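Novice: Below: one structure in structure tokens.
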Amino acid sequence: MNATQTDIEESLTCQCGCGLTVHACNHLQCPSGIPLKEEIASQLALGKTQPEVLSYFAGKYGEKILSSPTTTGFNIVAWVTPFAVVLIAAALIVVLTRRWRRPVPTGGTPSPPIAPAWRARLDADLDDFDA
């Protein structure tokens, strides 16, 4: 088995449901992985290049067989979205921490004065509390 076949096997997802690549599938007598490996070998024997073989399998099984989405068309969203989410979250964290660390302005309108009767009652309650 040459490096090209291994590279192609790593680029294709096994269809047995294991979620691994064709090369990494660990099922003995896998009903999907073994025929796919044989089909890869026959495609290479026909003189096809790696992109041609991957295109052949994507045409036959759909893009779900590819272990990573292509970087064309709508699939670019699958590549960009995780990085965009991380960048937006980092920017949000920076903005919020700066806003939370900013001191609260103490100027502005003064609070209304407390009535003398209320002040006396507060002082009396505080004295009782301390005792």
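Nothing in this text is a laboratory measurement; each read-out follows from the coordinates by a stated rule. Here the structure is a predicted model, which means the values were calculated and not measured. Here the Cβ is made from the backbone with ideal geometry for all residues, glycine too, and neighbour counts use every protein chain on show.
Novice: For Cα extents along the principal axes in Å, the listed values are (1) 59, 29, 28; (2) 47, 22, 19; (3) 100, 34, 23; which was obtained by calculation from the structure presented?
Specialist: The value computed from this structure is option (3).
Novice: Just how large is the dipole of the stretch 1-107 about the Cα centre, in debye to the nearest 20, putting +1 at every Lys and Arg Cβ and -1 at every Asp and Glu Cβ?
Specialist: With Lys and Arg at +1 and Asp and Glu at -1, about 920 debye.
Novice: Within the chain, which whole H helices from DSSP have a Cα span along their axis of at least 27 Å and a mean Kyte-Doolittle hydropathy of 0.0 or more, if any?
Specialist: Span-like helices, by this rule, are 76-101.
Novice: Here is a follow-up. List the Cys residues of the chain that have no partner Cys with a C-beta closer than 4.7 Å.
Specialist: CYS16, CYS18, CYS30
Novice: For a quick check, take a GNM of the chain with Cα springs below 10 Å and name the residue from THR72, THR97, THR106 with the largest mean-square fluctuation.
Specialist: Of THR72, THR97, THR106, the most mobile in the Gaussian network model is THR106.
Novice: Once the Cβ-Cβ distance between GLU10 and VAL80 is put in as r, and R0 is 35 Å, what FRET efficiency do you end up with, to the nearest 0.05?
Specialist: E between GLU10 and VAL80, to the nearest 0.05, is 0.90.
Novice: Quick one: if you stick a label point 7 Å off each Cα along the C-beta vector at SER68 and ARG98, how many nm between them?
Specialist: With each label placed 7 Å out from Cα toward Cβ, I get 3.4 nm.
Novice: At 222 nm, what value in deg cm²/dmol follows for the chain if DSSP H runs of at least 4 each add -39500 (n - 2.57) and the sum is divided by all its residues, to the nearest 500?
Specialist: -18500 deg cm²/dmol
Novice: Where does each of ILE65, ILE34 land when they are ranked from fewest to most other beta-carbon atoms within 10 angstrom?
Specialist: Ordered from fewest to most neighbouring Cβ atoms within 10 Å, ILE65, ILE34 come out as ILE34, ILE65.
Novice: At a 10 Å Cβ-Cβ cut-off, how would you order SER32, SER11, SER68, fewest neighbours first?
Specialist: Taking fewest neighbouring Cβ atoms as first place, the list is SER68, SER32, SER11.
Novice: Any idea what the relative contact order of the chain is, in percent, if you count C-alpha pairs under 8 Å spaced at least 6 apart?
Specialist: Relative contact order comes out at 18 percent.
Novice: List the residues, sorted by chain then number, that are 5 or more residues from LEU66 or on another chain and whose placed amide H is less than 5 Å from its amide H.
Specialist: Residues meeting the amide H criterion: THR13.
Novice: To make sure I understand, if each residue's beta carbon is the centre and we count other beta carbons within 10 Å, what order do LYS37, LYS64, LYS48 fall in, fewest to most?
Specialist: Ascending number of Cβ neighbours within 10 Å: LYS64, LYS48, LYS37.
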